Every structure is written in structure tokens, then in C-alpha cells.
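Below: the structure, in C-alpha cells.
The values are calculated or read from the model by the stated rules, or taken from the named source; none is laboratory data. Quick caveat: nothing in here was measured; it's all calculated off a predicted structure. Note that we place each Cβ from the backbone using ideal geometry, even for glycine, and neighbour counts take in every protein chain shown. In case anyone asks, the SASA skips ligands and DNA or RNA and just uses the protein heavy atoms, side chains included. Shrake-Rupley method; radii C 1.70, N 1.55, O 1.52, S 1.80 Å.
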Amino acid sequence: MEENQKKELLELFADKLTRAARLYLDNCTRCGVCIEACHVYQSMPETRYTAVSRAQNIRRLYEKYFKLSGKIAPWWNEAVELDDAWMDRVWETAYTCTGCRRCMTFCPFGIDTGLIQSIAKLLLIGSDREPKVLTMLADVSISKGRNIEATKKSFAQAVRNLEAEVIEKWRSEGGEEAVPLDVQGADVLYVALAGKHSIVPAAAIMNAAGEKWSLSYFEAVNFGAFVGNPKKTKEIAQRIIDEAERLKVKEVAICECGTAYRVMKHMTGKHSFNVITFVELIARYLREGRIKLDKSKIDARITYHDPCQIARQGGIYEEPRYILKHLTDDFVDLQSNRRASYCCGGGGGLVIMGDKEFRMKSAKVKVDEVKATGATILATACENCHSQLSDLMEYYGLETKVQFVSGLVADALVQETASRKVPAATSEEPQLQLTAKAG
Amino acid sequence: MSAHAVAKVLDLKGLPCPMPVVKMSQEINSVKVGEIIEVHTTDPGSLADFPAWADTTGNEVLETKQREGSIQIFVKRLK
Ligand code: SF4
Ligand code: SF4
């Protein structure tokens, strides 16, 4: 590695050394409590797949360049030189870890592997070694934001072409648009993904609830966050923030996409609007009696996979379960659930990057838990998890069908002829107990 | 019938996010510079995603066509 590149990388490293980062890098006691916590290690028990080993790849550089002990006695804390060979270890830290932060919940010091991983991702970007597909996708989102005016008309036409499919799930009242777009003063701006599966069920549900909503022109997902580029993350998120402010909406509801929710809720500061996940919105409609579901539509045992970014990192545990209990009397949790849920194995950009064998093998622990429930439907609330879980079910030969919560709800909506208003929830209905946010 | 001389047809209907754009990026290398790929999709978002992808990667979206239930996008490899 050339000296000036090394210098640039160490400057990037130094920029990431906040008080929290120093705390996490300084305080690991190598107690090993985190080892069994990682789904990758559980599925493929190799030392390099432990949280602590991944962190050590970065910590040993920190010792060398940012600690006095590393300078005067580098052998003491195994300080290492930053060179091309060590960058392979940096890659392992960044991309054999999904950033799910399960290990963090078990670590007695709460050491945040995700934050240490973000240093690794930045070093890879700085040395032009990051996965190019993630950078390309981030650049596509940015270009889309800059040129949105040129495609607004054709997008509006495509959305109009979906209306019949929405109406099939919920007949709107005369004169109402099934998929409203660009509605000034809407209460909710719904931010979907590119695919119609992320628009049609959500539209039917919001129409059933009589919501005053508008579809966003932009896709929710933020590839800047996947690749770990803070500048691109901000620019991609800003497109949605500007739209929400222009339309003066009260809430931005993020579709079933975990990363999109985490970025908008936790990484973009305070806004004039509230940010919620779509599952929270559905739970609200049920609680307020604004939609009603027909339990007889599903004759199957359902289990639920907690998407890491929505659950462990967002504290949304009970709402999806509350919704699913309106759809079946046979709901069973996975053995490891809520805060302790194992990652699906596809987070952090892995689903997109293409190393299917690693993705499949590293998430076997999840498959074993799904199998043990005997469920035939595995519900989830994240596109990335849905893709990974579907691949897992196929790879391991399970019949279990992976379904979005919104899709299940939209197919069970009860259309009442007299009025769109439905009776309020009775005491016999599932109760929503909100838990404290994940720490 | 398409007015474009198409070298390859790609069916990207029903793929999860962001696979349509990822597949497009992979498949563009399977045709020669100057040749055209015809994409079939059902994603409304692809109407902005594909021009943005072409802009980012130095290729060209020649035309998009819509009918209820399907979207056709004609992409020319420029480099
Ligand atoms: S963040 Fe998740 S994938 Fe990464 S080391 Fe911790 S448990 Fe493993
Ligand atoms: S549990 Fe925490 S302190 Fe113990 S080895 Fe893991 S990261 Fe280090």
C-alpha cells in the first residue's frame, strides 16, 4: 500500500473515532460472551466469524496508530500495520457481519460491533475496495433524486395502472384515487420500494382505514447506508425529507424495509414529521378499529422473523405480533425472538452482493428455528429479510412460505358495504402491549 | 411489435428490490456495445430507476412503454 493512501485511510479512521467508538475499541476484555451470539459463528463455528475477532481486525489497527502503547510496545496488544494484506481482514469485518447487533445485546459492555464495522466499511471505500454493486445502487438513487422531474409523469402513469389491483383488495369509494400521489397536506407520506408488491397491499390497507395519504416518488431503501458511505446516505435520505416537507405531511410511513426505517428514524436528525414503520401504522388501524380482518382467510400456523433494523434497533416488537394475532389463532414465536432474534443472514448488503453459499450456510441457525415451529407461514416486515428467508427456505427444502405482514393483512381485509367504518376493537381481541425500546 | 432491433429480452417481473437494477447491470455485459436489451418489469419504480441507472453507468434508455400490468424498457449499451 502506498504511503499517501495509508495516510488518507488513517485520516478516515481518525474521523470515525468518536467518544463512543474509542470506548468500544478500548474496552473489550475478550470475555467471549459475544461468541455464541453471532448467527454466523453459530452456523459456521470458525474463530474468524466471532464478533470479537471481527472487531479485533480494526482494534489492532487502532492500537498501532492511535494508542501510545501500540507505538512503544506494539506486541503488547497485537498492533498491526495497515497494509494490503490486512485489508482482507478489514473486508471480513465489514462483509462477513450483517451489522445485526445481536452480539451487542449480550456483551457486558454493550460493545457495538456495528459501529466498529462502519469503520471497516469506510476504510474499504477509501481504498476503492468496497462492493461496487452497492456503490452503483447508491449512485442510482442519487441520480434519480436529481432527475426526478423527468420521470414523474411516467411514474404517475405506472401507479394509475396499479389501481385495478388495489381495488381488487379494497373497493375505494367513488371519486377516490386508489393510489394518491403528490397530495399536498396528506397526513401520511408512504415511502415504498420500486416493486408493486410494496405498493398494492399498503394502498389497499390505507384506503380501507380511510387514511389521507400520498405515495412518495422515491424508494425507501438507502444503499448509501448498506455500503457505509455517510455522505451518500444523507443525500439519498434528503430526497424523502424534502418531499415530506414540501407536502407538509404529518407522518412518513416507511414500507417494510428495515434499513430504510433505521436511516430515516435514527440517522437523519429531527424533522417536522414523525417517522413510523408501516407495521406500526397497521397496528394503529386495528387498535382504532379502522380496519377489520377476517381470521378465516388463513388456515395455517404463522411464525414471525423480527427484522434486526426494525426490532432490535428500532424497538418494534409487539406491533407485528398484535397484527398477526388478528390473522390466526395459531401464532408461534421462534425460539429466539424479539431482542434475541437471530439475523436472517442477509443484512448489511449481503443479499445484493451475491455470495449465496455464505449467506445460506451462515444462517442455518435461523432455518433450524423456523423448522422447529412447524409453521407454514413465516411472516416478516422487511424486503431484505424476505428475500434472504425465501432463499433459505428453498435452499434447505422447507415448505414454509415467506410472506410480508402487509400482504397477509391486505388479503384479509373485511369490506363492509354500509360504511367504511368498522366497530372498535373488543376486549376479546388481541391486546397490544408495547415494550420498552431496545437499548 | 417493437421498432427496436432487440438483442436480448430480460424478464425482470416480480423480482424483489433491488434485483431488477442489479440484474440489468450484470446482463448489459452480455450484449455488444450498440446492442439493445428489452426489459419486462412490473415495478413502477423502474421508470425512474432505469434512466438513473443508465445515467450512472453511461448507457441509454431509448424508450419506455406501459400497458396495464406490464412495463417495457429498451436499453442500449453505449460502453
Ligand atoms: S453484528 Fe451480528 S453478524 Fe455482526 S458479529 Fe454481531 S451478531 Fe455477528
Ligand atoms: S462480549 Fe464484549 S467484552 Fe466480551 S469479548 Fe465480546 S465484545 Fe469483548
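Some values worked out for this structure:
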item	result
Inter-site label distance for A:PHE66 and A:ASN274 at 7 Å from Cα along Cβ, in nm	3.8
At 1.306 mPa s and 10 °C, Stokes diffusion of the range A:295-411 via Kirkwood alpha-carbon radius, µm² per second	112
The range A:48-65 - phi-based ³J(HN,Hα) in whole Hz, Karplus 6.51/-1.76/1.60, Gly and Pro as x	5, 9, 8, 4, 5, 5, 4, 5, 4, 4, 8, 4, 5, 6, 4, 4, 5, 9
Ordering of A:60-73, A:355-368 by packing [mean C-beta count within 10 Å, highest first]	A:355-368, A:60-73
Between A and B, accessible area buried - total, square angstrom, nearest 100, 1.4 angstrom probe	2100
Within 10 Å of each Cβ in A:158-169, the average number of Cβ atoms from other chains	3
Binned Cα-Cα distance frequencies in the range A:208-256 - 5 Å width, integer %	5, 18, 26, 23, 15, 8, 4, 2
Cut-off 9 Å between beta-carbons: net charge of the residues surrounding A:ILE205, Lys and Arg +1, Asp and Glu -1	0
Per-residue mean of C-beta atoms belonging to partner chains within 10 Å, peptide A:17-25	0
Long-range amide H partners of A:ALA379 with built H, under 5 Å	A:THR303, A:TYR304, A:HIS305, A:GLN403
Nearest-0.05 FRET efficiency for A:SER296 and A:GLU245, computed from C-beta distance (R0 41 Å)	0.40
Three-way shape label, the protein assembly as shown, alpha-carbon gyration tensor, a/c 1.5	oblate
Members of A:LYS132/B:LYS23; A:LYS196/A:LYS250; A:LYS231/A:LYS366; A:LYS153/A:LYS250; A:LYS121/A:LYS366; A:LYS295/A:LYS401 lying beyond 22 Å, as alpha-carbon distances in this model show	A:LYS196/A:LYS250; A:LYS231/A:LYS366; A:LYS153/A:LYS250; A:LYS121/A:LYS366
Amide H within-cut-off set for A:CYS308, under 5 Å, with H built and near neighbours excluded	A:CYS344
Cα gyration tensor category, rounded, prolate or oblate, for the range A:164-206 with a/c compared to 1.5	oblate
Folded to 0 to 90 degrees: helix A:148-160 orientation relative to chain A principal axis, Cα	40
Peptides ranked, highest mean first, by Cβ atoms within 10 Å: ranges A:215-228, A:40-53, A:98-111	A:215-228, A:98-111, A:40-53
For the range A:3-130: rounded, prolate or oblate by the Cα gyration tensor [a/c cutoff 1.5]	prolate
Unit Cα scatterers, Debye sum, the range B:6-76: log10 I(q)/I(0) for q = 0.11, 0.14 Å⁻¹	-0.21, -0.35
Inter-label distance, nm, simple model (7 Å from Cα along the C-beta direction), B:GLU63/B:SER30	2.3
Largest-first ellipsoid semi-axes for the range A:1-50, taking √(5λ) over the Cα gyration tensor eigenvalues, angstrom	29, 17, 8
